[in-house]
Amino acid sequence: MNTGMYAIASALQSRFQAQDSIARNIAHSTAIGYRREIPAFYGFGTALFEAQSTSDNEPATASGVQFLQPTHNWEPGDTWRTEAPLDFQIQGEGFFAIGTPEGEFLTRDGHFQRQQDGALVTADGKPVLGNSGGIKLPEKGEVTLRADGTLEVDNAVFDKLRIVVPSSYDDLAAASGSSFRHTGSEAPKVLAAPKVSQGSLERSNTNIMSEMVTMIENSRATEMASKAMQVVDQGFSDAIRAFSS
């Protein structure tokens, strides 16, 4: 193994993966409740290579760069006042619970709709969960929201939004859009006293200009790694020609 080529190749691959992460941030810069991905890298030496090597005869002298699973920026996004009666925003900690075929997902996207049968759903039709499953409101009537997440229709209480917090934010894995899947062994806990407002939404916490700068920096690093690989490859070619002559 040529250790220089291995190190450059791993750096190049990591930069391609980081570019995908940055691109997702840019694509979701206007998505309600989206949490920015933070690309991370790990530079490794012989220890990691020894653990991954399958050859007993090959010396473990490689080093390189590994792209880590992106973490997320959990800071809240800006408030967008919509005045829509079914737009809800969590103030402080917590996530809305959403029902999916894959189980309960968590999201900060509170842009909801009431279907003809009264079911409260997300913009893509997934049921919003309350105290005892999917929330079912009357088909008609004025919906008002108390600060603790209690839903009323024409001043009559019908249900309460299920607002939860994970045992650890490390247990949340990105699912789709602004949604997260809980992967921990300990189930999310229902907030006893959440704070929710009506008629507003939480914007993505992605800054589009900052992401563009990050993408440019990552592109330059990718270009440098690519040029370094070309130099090493040219060195191989020159050495082969020298030995062959």
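Values in this text are rule-based calculations from the coordinates and carry no lab data. Bear in mind that the values here come from a model prediction, so they are computed numbers and not experimental data. All Cβ positions, even for glycine, are placed from backbone atoms using ideal geometry, and neighbour counts span all protein chains on display.
Label-to-label distance for Trp80 and Glu139 is 3.1 nm, based on points extended 7 Å past Cα in the beta-carbon direction. Proximity of backbone amide H atoms, modeled 1.01 Å from N, is registered between Gly130 and Ile135, Arg162 at under 5 Å, excluding neighbours fewer than 5 places apart on the same chain.
Computed from phi, the 3J(HN,Hα) profile of region 73-86 under the Karplus parametrisation 6.51, -1.76, 1.60 (θ = phi - 60°) reads 8, 8, 5, x, x, 5, 8, 10, 7, 10, 6, 6, x, 10 Hz, with x in place of Gly and Pro. Between Arg146 and Ser176, the modelled labels are 3.4 nm apart [label points 7 Å from Cα along Cα→Cβ]. Using a cut-off of 13 Å between beta-carbons, work out the net charge of the residues near Leu172 (Lys and Arg +1, Asp and Glu -1, Leu172 not included). Taking every other residue near Leu172 into account, the sum is -3.
Protection proxy ranking, highest mean first, for peptides 120-133, 69-82: 120-133, 69-82, where packing is the per-residue count of other beta-carbon atoms within 10 Å, averaged.
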